[in-house]
Amino acid sequence: MSLWFTNSIVALSVTVLLVLFLKKVSYSLALVDHPDDRKRHECVVPLCGGIAIFSAFSFVMLSKGTTVLPVSFWAGGFLILCIGVMDDRSELSAIARLVGQLLAAGILIVPLAGSSIYVANMLPLALVATAAPILMIIAILFVVGLINSWNMIDGVDGLAGGCAATAIFWVTLISSWKGLEDLGLSSFVLLAAVCGFLLFNMRSRWLSRANIFLGDAGSTVLGATIAYLLITLSRQGEIAFPVLLWIVIVPVTDTISLIVRRLYAGRNPLTADRWHLHHLLLDQSYSQSTTTNIIVASSALCGSLGFIGLVVGVSNYAMTFGLIFPIAIHSAFVFAASATASNNKPRSVTVSQFNVVAPVLLRPEPTKSFGPSQQPTQPSPAILSDAV
């Protein structure tokens, strides 16, 4: 335990020092985020949080020689980080990002032996062997999916980092419970690095607003790392992979919901908008701090239910089907919040404005799809909130 404590303190301290240094050089490196019609932060903010987290984590784990994470993890993680940095500097196309993420996910997952995700206690053994290639593909898609999930929830101060911290906490706790000390140590060190970043990013009585952001580099590398840790925990701990989805069900559900709603509205699923869960909460007059606390607490609660289910021995099938409940709660809130936004729209609203805030179950008229850097020239009331 002393090794855990020492390495975590070093990781937190190195992260803080790197943030203080990178904040000063981010402007010259063009790693800054400017406010616009969709991003409502008050001033230009450095995008170096992810670089600090991954660098501190790498420094501690590699210099101490305590990591069981293979070379493929560091190679894939570094590639994700580099793609994110390029995207932060000059926005990459959606196709370029997706290709890079698939490549990095392949580097992370393919070297793993076996089927990558553990489902032996949910399927007949005869099917597990024949389904190995399919399970490998599912694992790669899960990594890419979680990369984008964390990128999409990174819209309010402290949200992406807070959700990452809760997910990593449960990975650490379950790893320790399963006796996987090396994996638990790796997760705990990463948790300390994330907490060092949150000192500069999560609003509190000592911090009125975030003075540093994760950036695409940070949100994507955190998503990839959490996905890798979950897959590794599933394999080494022989835990049915669907059960571990409780740890990340909130960001995963929000991402799937966004994609479905955008497709149903006839829009490009990769375009930017204000249909995220945190945007809907902000539009319900919740503050940024309250919005972050609600989502992070919900994520922590779901993770706790997953852990309790494992400890008390709830069947894998019951745990898997139980995921319907957080999904249903999310869907109910999205429907209600979207309907409220629609009812509050001005009478003179145009068709294209209405499409931005249309309820999820009412298919709007076809409208122009806006690119990632484009926004409607006359934003609707939902767009005019003070959200990031």
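Does ALA224 fit the bill of being in contact with a strand residue (DSSP E or B) (Cβ under 8 Å, 6 or more places away or on another chain) and buried (at least 19 other Cβ atoms within 10 Å of the Cβ)? Before the answer, list the steps.
On the way: in contact with a strand residue (DSSP E or B) (Cβ under 8 Å, 6 or more places away or on another chain): no; buried (at least 19 other Cβ atoms within 10 Å of the Cβ): yes.
No.
Got a number for residues in the range 168-184 being farther than 21 Å from VAL312 by Cβ and crowded, with 23+ Cβ neighbours inside 10 Å? Residues in the range 168-184 being farther than 21 Å from VAL312 by Cβ and crowded, with 23+ Cβ neighbours inside 10 Å: 2 in total. Screening the range 298-324 for residues that are without any contact (Cβ under 8 Å) to a residue 12 or more places away in the chain and surrounded by 13 or more Cβ atoms within 10 Å (Cβ to Cβ) and picking the one that is farthest from THR166 (Cα to Cα) gives SER315. The set of residues from the range 85-97 being touching a residue at least 24 places away in the same chain (Cβ under 8 Å) and crowded, with 16+ Cβ neighbours inside 10 Å comprises VAL85, ASP87, ASP88, ARG89.
Residues of the range 198-218 that are in a helix (DSSP H, G or I) and within 18 Å of GLY77 (Cα to Cα): GLY215, ASP216, ALA217, GLY218.
Give VAL243, VAL250, VAL189, VAL260 a once-over and let me know the one that is in contact with a His (Cβ under 9 Å, 6 or more places away or on another chain) and aliphatic (A, V, I, L, M). After ruling out the rest, the residue left standing is VAL250.
Filter the range 157-176 down to the residues that are over 18 Å from SER204 (Cα atoms) and either more than 10 Å from the chain's Cα centre (by Cα) or of a type in the set (Val, Ile, Thr) (or both) and list them by number. Residues satisfying the conditions are ILE168, PHE169, TRP170, VAL171, THR172, LEU173, ILE174, SER175, SER176. The set of residues in the range 60-94 that are aliphatic (A, V, I, L, M) and farther than 20 Å from ALA139 by Cα comprises VAL60, MET61, LEU62, ILE83, VAL85, MET86, LEU92, ALA94. Does SER149 fit the bill of being farther than 27 Å from ALA272 by Cβ, polar (S, T, N, Q) and part of a helix (DSSP H, G or I)? Answer is no for this residue.
Given the residues PHE57, PHE5, PHE78, which is the only one that is over 14 Å from ASP216 (Cα atoms), assigned to a helix (DSSP H, G or I) and modelled with pLDDT of 90 or more?
On the way: PHE5 fails: modelled with pLDDT of 90 or more; PHE78 fails: over 14 Å from ASP216 (Cα atoms).
The conditions single out PHE57.
Residues that are surrounded by fewer than 20 Cβ atoms within 10 Å (Cβ to Cβ) and in contact with an Asp or Glu (Cβ under 9 Å, 6 or more places away or on another chain) within the range 262-281 comprise ARG262, GLY266, listed in sequence order.
The values are calculated or read from the model by the stated rules, or taken from the named source; none is laboratory data. As the structure is a prediction and not an experimental result, all values here were calculated from the model. Using ideal geometry, Cβ is built from the backbone for each residue, glycine included, and neighbour counts are taken over all protein chains shown.
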